[in-house]
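One structure below.
The values are calculated or read from the model by the stated rules, or taken from the named source; none is laboratory data. What you are looking at is a predicted structure, and each value in this text was computed from that prediction instead of being measured. In this analysis, Cβ positions are derived from the backbone assuming ideal geometry, glycine residues included, and neighbour counts consider all displayed protein chains. Each accessible area value is taken on the protein alone, full model and side chains, heavy atoms only, with ligands, DNA and RNA left out. Shrake-Rupley method; radii C 1.70, N 1.55, O 1.52, S 1.80 Å.
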Amino acid sequence: MNLMRNINLKSFLYLSLMFLSLTACGGDDDENGNGGTSERNDNKNTAYTDNAATRIEVPHLQGGNSKFIVYRTSNKAFDKDGVNYCVEWDRKLKANRWTCYIMTSSNSKKNVSRWYADKGELQYPFDTSNLSMSDYYTKSNGEDCIYGSGFDHGHLCPSNDRLYSSDVNKQTFYLTNMQPQYKEFNGSSSEHKYKGLWINMENWIYNFVQSNRFGSTDTLFICKGGTIDNESQILMRKNNIIVPKYFYAAIVWKRSNMNIYSGIAFWYEHTKVFHDDSPKAYAISINELEKKLGNKIDFFCNLPDKIESSVEKTAATIDFGF
């Protein structure tokens, strides 16, 4: 009898431990950016019509005048849920608040060339499937207002990061993915071709994903934008469009083989003066970035609270190879 009682007790303890283990691990996010965890998360996105709002890279959605837009592809090898990138577009300000996306060793492969519009097409098309023309500032001839303003169409999700297929690359040219940027900042100045603070950061991110430091199943969760919400952080208004005084990026790296997360952010003043500095000089913590933005954007809200707090409190420059 005692022997049977001991066996039953051991079986009960074993099954209990197995249950706890499955509960702790079963809800973890996957390499395509999806959340879904039993760990505590008080600030996650809950009011949404598109399940992409639960992805790790998506900040807390503001709602109201702002529209959450998801650009998709039918290619499930690119992303399990077919997500290319996401945008929050403010229909009152008629501007992009942020663009977010993920990078992996797989989805950053270069299989096609950069997209160029055919004759009669716009190189930077309006997204009329998600927005009406009244949600944009346009010229009398129907062109977008960045043309002729003296500013570049600055990609937030870069074309260079989306050469996996023609459809995902073309989507990066939508106006909803653009912010006006000085040529010297963006990297298209004829005197400093392919150099500048923004393109330096873009190249650093891409090269990091291609490096030996980045694992084959790792994921970078990235959110980029320009300052549009605070009048003191607006450089000017040109052709009615908001020209941000600052640009930023918030990044979380998940090492899948160890389930470890690291975070870093970058904060740049938008100037017409050429700079060729390393992104390290502009690295800050994600918490610092949120403070600079007046706590109007809550990054990585879909991470469990403990992980979010950990990755946002320091700029993990050593982890990222600086």
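Modelled label positions at residue 50 and residue 310, each set 7 Å beyond Cα in the direction of Cβ, lie 3.1 nm from each other.
Pick out the long, greasy-scoring helices in the chain: whole DSSP H runs spanning 30 Å or more along their own axis by Cα, mean Kyte-Doolittle at least 0.0. Qualifying helices: 2-25.
Using a 1.4 angstrom probe, figure out how much accessible area the chain has per residue, in square angstrom, rounded to the nearest whole. Don't jump to the answer; show the numbers that get you there.
On the way: 15340 Å² over 322 residues.
Heavy-atom accessible area per residue stands at 48 Å².
How much net charge surrounds residue 246 when only the other residues with a Cβ under 10 Å from the Cβ of residue 246 are counted, with Lys and Arg +1 and Asp and Glu -1?
Numbers: positive: 245, 292; negative: 269.
Result for the neighbourhood of residue 246: +1.
Cross-link partners for residue 67 among the lysines, with Cα-Cα distance under 20 Å and sequence neighbours closer than 8 places in the same chain left out: 44, 92, 94, 224, 296.
Based on Cα contacts under 8 Å between residues 6+ apart, the chain shows a relative contact order of 19 percent.
What you get for the chain, charging only the Cβ of Lys and Arg (+1) and of Asp and Glu (-1), is a dipole of about 160 debye around the Cα centre. What the Cα convex hull of the stretch 130-203 gives, in volume per residue, is 105 Å³.
Partner aspartates and glutamates whose Cα lies under 17 Å from the Cα of residue 139, excluding those fewer than 8 positions away in the same chain, are identified as 121, 127, 152. Principal axis analysis of the Cα atoms in the stretch 244-314 yields extents of 41, 27, 15 Å, listed in decreasing size. Taking 10 °C and 1.306 mPa s as the conditions, I'd like the Stokes-Einstein D for the chain in µm²/s, using the Kirkwood hydrodynamic radius from alpha carbon pairs. Estimated via Stokes-Einstein, D reaches 76 µm²/s.
According to the Cα-based calculation, Rg over Rh for the stretch 62-215 is 0.96, with Rh computed by the Kirkwood formula. When Rg and Dmax are taken over the Cα atoms of the stretch 195-322, they come to 15.3, 49 Å. Surface composition of the chain: carbon and sulfur atoms hold 50% of the protein heavy-atom accessible area at a 1.4 Å probe. Cα centroid separation, the stretch 96-129 to the stretch 250-287: 22 Å.
Estimated at 0.36 nm per residue, the fully extended path between residue 133 and residue 190 surpasses their Cα-Cα distance by 17.2 nm. Calculated mean residue ellipticity, 222 nm, the chain: -6000 deg cm²/dmol, from DSSP H runs (n ≥ 4) at -39500 (n - 2.57) each, averaged per residue and rounded to 500. Look at the dipole of the chain built from charges on Cβ: of 133, 181, 279, the Cα furthest out on the positive end belongs to 279. For the stretch 24-181, a simple Cβ point-charge model (Lys and Arg +1, Asp and Glu -1, everything else neutral) yields a dipole of about 280 debye relative to the Cα centre. If both residues of a DSSP beta bridge must be in the chain, then about 100% of such bridges are antiparallel.
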